[in-house]
Amino acid sequence: MIRSHCDRRRLLGLTVGLSTLVAMLIPASRVHGAPEGLLEKSTRALYRGDFVQASSLAEKYLKVHPPAPAALILLARAEMAQGKNESAYQKLLQARRVDPRNLDALYYLGQLCRILSQAEYQALYEMAPDSVRVHQLLAESYRVQENLSKAAEEYQAALRAKPQSVEVLDALGDLKRSQFKFDEAISYYSRALEVQPRDYEGAYGLGASYLYLREPEKAIEYLQRALAIDPRSAPARLALGDARLRVSQFAEAVEELKTAVTLEPKMRQAYTLLAQAYRRLGKTAESGEALRRSNELSEMERKAREDESASEKLPSRPSEPTTDSNPPAGSEN
């Protein structure tokens, strides 16, 4: 048990150490227009690990040039390296107020917010190591690492700590749906709706699961319920349009899909389904236009993937991993 707790603490604390190291060692972009002298010396002191000297030089520069974002950012970085995170946070906010489009201010503010949040997570673990929130946090960490079996274990532990947690039930439903275990997903979403009848995630999850299982009538029931909770949900409109198309409600499908692309103009799947619905209604011109737009968006997505692939080959600042959201139900056609 002690070893298990230590492993979890290391998992929660890992981001703190990595983020601090990144903040200390990552090369800064060049400061446009900053004169040589104090700032240059401060930067050199920062990179050789003399954080006190780096702070002192940056502060001297600020006495002469009080609003200088470059000096504020250097001072904040030196303070971050010394663990003075609250003070560094204020310096970065000040730099942003002076120059809202300063990329370095935005970048280091993001890094610092991660450090502060991880410190709070660590405090949470130390306060209540077996609480629903700690298990939920660990599960989300495992999901980021794509360790879905460990994520499921932690979600189950969270559920044992709080059996009526709608958030955890929906998270388990989402996890099982991402693994194509739709019967299990349906079980968790149904439990969530029993606890909270106006739970959008549960209603949408049930609709999406039934659509995957090729039960469009049941999908329609729950997707309508989801839209009664959140009428502006483009994914739910897409899925409902898909479901209506499957039961030959072509005119109704068109209306749902048109609403989906109004809410989210770059939703390619909606245009693809819209082309099918128009074709079934005999509206050739409208079908062709929807298909043209679908192909156009597909080409845009292809180019974006190529650009992303090319950018990954270039030296860049490290980015944090993100979890992919589950695809809209209609995208599986």
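The values are calculated or read from the model by the stated rules, or taken from the named source; none is laboratory data. What you see is a predicted model; the values in this text were computed from it and never measured. So basically every Cβ, Gly included, is an ideal-geometry build from the backbone, and we count neighbours across all protein chains shown.
Before moving on, here are some points about what is shown:
- Some residue of region 222-241 being farther than 21 Å from Asp170 by Cα and either crowded, with 16+ Cβ neighbours inside 10 Å or touching an Asp or Glu at 6+ places or on another chain (Cβ under 9 Å) (or both): yes
- Screening Leu297, Leu263 for residues that are closer than 30 Å to Ser190 by Cα and not acidic (Asp, Glu) leaves exactly one candidate, Leu263.
- Residues located in region 179-189, provided they are farther than 13 Å from Leu213 by Cα and touching a helix residue (DSSP H, G or I) at 6+ places or on another chain (Cβ under 7 Å): Gln179, Tyr188, Tyr189
- Filtering region 280-302 to residues that are farther than 16 Å from Glu252 by Cα and not hydrophobic (A, V, I, L, M, F, W, C) leaves Thr284, Gly288, Glu289, Arg292, Arg293, Ser294, Asn295, Glu296, Ser298, Glu299, Glu301, Arg302.
- Residue check, Ala88 among the small types (Gly, Ala, Ser), crowded, with 18+ Cβ neighbours inside 10 Å and out of contact with any Lys or Arg (no Cβ under 8 Å at 6 or more places or on another chain): no
- Candidates Arg3, Arg10, Arg44 - the one that is modelled with pLDDT of 85 or more and of a type in the set (Lys, Arg): Arg44
- With respect to (1) over 20 Å from the mean Cα position of the chain (by Cα); (2) surrounded by 18 or more Cβ atoms within 10 Å (Cβ to Cβ), the lone exception for Glu153 is condition (2).
- Among residues of region 194-215, those that are surrounded by fewer than 22 Cβ atoms within 10 Å (Cβ to Cβ) and not acidic (Asp, Glu), counted: 8
To keep it simple, each residue is scored yes or no on (1) loosely packed, with under 15 Cβ neighbours inside 10 Å; (2) modelled with pLDDT under 90; (3) under 30 Å from Leu172 (Cα atoms); (4) of a type in the set (A, V, I, L, M).
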residue: Pro35; (1), (2), (3), (4): yes, yes, no, no
residue: Leu57; (1), (2), (3), (4): no, no, no, yes
residue: Ala81; (1), (2), (3), (4): no, yes, no, yes
residue: Glu120; (1), (2), (3), (4): yes, yes, yes, no
residue: Val134; (1), (2), (3), (4): no, yes, yes, yes
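- Filtering region 37-83 to residues that are farther than 20 Å from Asp99 by Cβ and part of a loop (DSSP other than H, G, I, E, B) leaves Gly37, Arg48, Gly49, Asp50, Gln82, Gly83.
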